[in-house]
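Novice: Could you have a look at this structure, given as structure tokens, before my questions?
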Ligand code: IN0
């Protein structure tokens, strides 16, 4: 705990956020939720597993309005169960595929538990006691159950296809299309399911679930950012999620990027991966701006602002190839406290987009494309920020914002060429 404060010792705004967060009074939703748990042992066990698998995200789920809170908790635990089967390299492939393809019916089987995971699987315990999750799942409204089961069916089958080698080349993802499809199965479908749950709860307009592309992009933005951040951890564990269509332009072997002699190619590859993610930002902002319920907005916005801040941190940062790069807890808490409305979220995105823009180098082969992606995001913001409303953002009303970085880039590249030719 002390180390968390020490990490932010030179950042007064983060220190203040950490203190505010620690001493903030419990919200109305959190209090009514805790009261409900006192008399419900089975539900309490589910929240125990939720808190065990993901502490900070569990806190965000527990702030949701009634009804939706339990539906999303169960959705999360069911997906975590599925993930624990997909993840386990020690499971026999046939058995794994059989489980993945039938998981949508398993969640209706009272009493089902599973103890075949390897001893090192971190959420092993969740499947060992999965009967508790099933009991609570069966207590949800049928409308919620149907959404969760349908997404589980689609995701389980998608995961099984990947596990058996479809859309893959040896152990790696081949094309950008395959990469998008994999991320759709594991994260985009979560976006579909959540939008359907928001609609079924009545807390959001049913139209939130109509635009599938936006729901998909919400998941892809989180998953692709994680995949960039986790390069080294995944490499060490024998996993490769970066598509060869991208990294193959910069190396013969996926592990070449960790070599000091490969620095400049490694940097260029990282930029190409970040560019692929930046293209999703306008969709993310469009989705968030449609939300109406405060608790749903916070639940959706917090992971997205964490992701944009992670993306700014990993961009042009070769440490990604050596270790797990993470935003400071102080910064994360500051973002959690600030993500309360769309104006603030836009201001946060704008800040990190500017960080990316400043770290973008003319010598980078993707310099121009990154400048254009940044320009498109700026354009979205200019077109969507209401000028009448008090905003944290300094709008410069400069519609040429897309052209300025491009112009600077072109001049930079011309100068590089000129000096090379001397
Ligand atoms: C999530 C997503 C999530 C939240 C809100 C809206 C979403 C819309 C579309 C898709 C996903 C959405 O958020 C979590 C966030 C999370 O777990 N963060 C980790 C930190 C980290 O670095 O991983 C934490 O411990 O706090 C998320 O990452 N996923 C997720 C899973 C289930 C549900 Cl119901 C919602 C995982 C994934 C793969 C990105 C979809």
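Readers should treat all values here as calculations from the given coordinates under stated rules, not as data from a laboratory. Everything quoted here is computed from the prediction, not taken from an experiment. Counting neighbours? That spans all protein chains shown, and the Cβs are built from the backbone with ideal geometry, glycine included.
Novice: Using Cα-Cα distances under 8 Å and only pairs 6 or more residues apart, what relative contact order does the chain have, in percent?
Specialist: Worked out over the chain, it gives 14 percent.
Novice: Going by C-beta contacts inside 10 Å, put 352, 185 in order with the fewest on the left.
Specialist: 352, 185
Novice: What is the ratio of the Cα radius of gyration of segment 269-311 to 2.2 N^0.38 Å, with N the residue count, to two decimals?
Specialist: Normalised Rg, Cα atoms only: 1.31.
Novice: Next up: Shape call for segment 111-233 from the C-alpha gyration tensor, a ≥ b ≥ c root eigenvalues: rounded (a/c under 1.5), prolate (a/b greater than b/c) or oblate?
Specialist: Oblate shape, in that a/c is at least 1.5 and b/c is the bigger or equal ratio.
Novice: Shifting gears a bit: Under 8 Å for C-alpha pairs, at least 6 residues apart: give me the relative contact order for segment 4-108, rounded to a whole percent.
Specialist: With pairs under 8 Å counted, the relative contact order is 18 percent.
Novice: What is the helix-to-structure angle for 189-201, meaning the angle in degrees between its Cα long axis and the longest Cα principal axis of the chain, kept from 0 to 90 and rounded to the nearest 10?
Specialist: Helix 189-201 and the main axis of the chain meet at about 60 degrees.
Novice: Where a ≥ b ≥ c are the square roots of the eigenvalues of the C-alpha gyration tensor, would you call segment 37-87 rounded, which needs a/c under 1.5, or, failing that, prolate if a/b is larger than b/c, or oblate?
Specialist: The shape class here is prolate.
Novice: Translational diffusion coefficient of the chain at 37 °C, 0.692 mPa s, Stokes-Einstein with Kirkwood Rh over Cα pairs, in µm²/s as a whole number.
Specialist: Rounded to a whole number, D works out at 142 µm²/s.
Novice: Per residue Cα convex hull volume for segment 269-351, in cubic angstrom?
Specialist: Taking the convex hull of the Cα positions in segment 269-351, it is 86 Å³ per residue.
Novice: If you wrap segment 203-308's Cα atoms in a convex hull and average its projection over all directions, what's the area in nm²?
Specialist: 7.6 nm²
Novice: Still on this structure, I have one more. State, as an integer percentage, the relative contact order of segment 211-342 based on alpha-carbon contacts under 8 Å between residues 6 or more apart.
Specialist: The value is 36 percent.
Novice: Please list the radius of gyration and Dmax for segment 329-391, considering alpha-carbon atoms only, with Å as the unit.
Specialist: Rg then Dmax for segment 329-391, in Å: 13.9, 40.
Novice: Tell me the angle of helix 130-139 to the major Cα principal axis of the chain, expressed in degrees between 0 and 90 and rounded to the nearest ten.
Specialist: Tilt relative to the chain: about 80 degrees.
Novice: Roughly what angle does helix 329-338 make with the longest principal axis of the chain, taking Cα atoms, 0 to 90 degrees, to the nearest 10?
Specialist: Rounded to the nearest ten degrees, it is 80.
Novice: Hey, how much of the P(r) for segment 58-178 falls beyond 26 Å, as a percent of Cα pairs?
Specialist: 24 percent
Novice: Ok, one more. Ranked by Cβ crowding within 10 angstrom, fewest neighbours first, how are 161, 196, 319, 125 ordered?
Specialist: 319, 125, 161, 196
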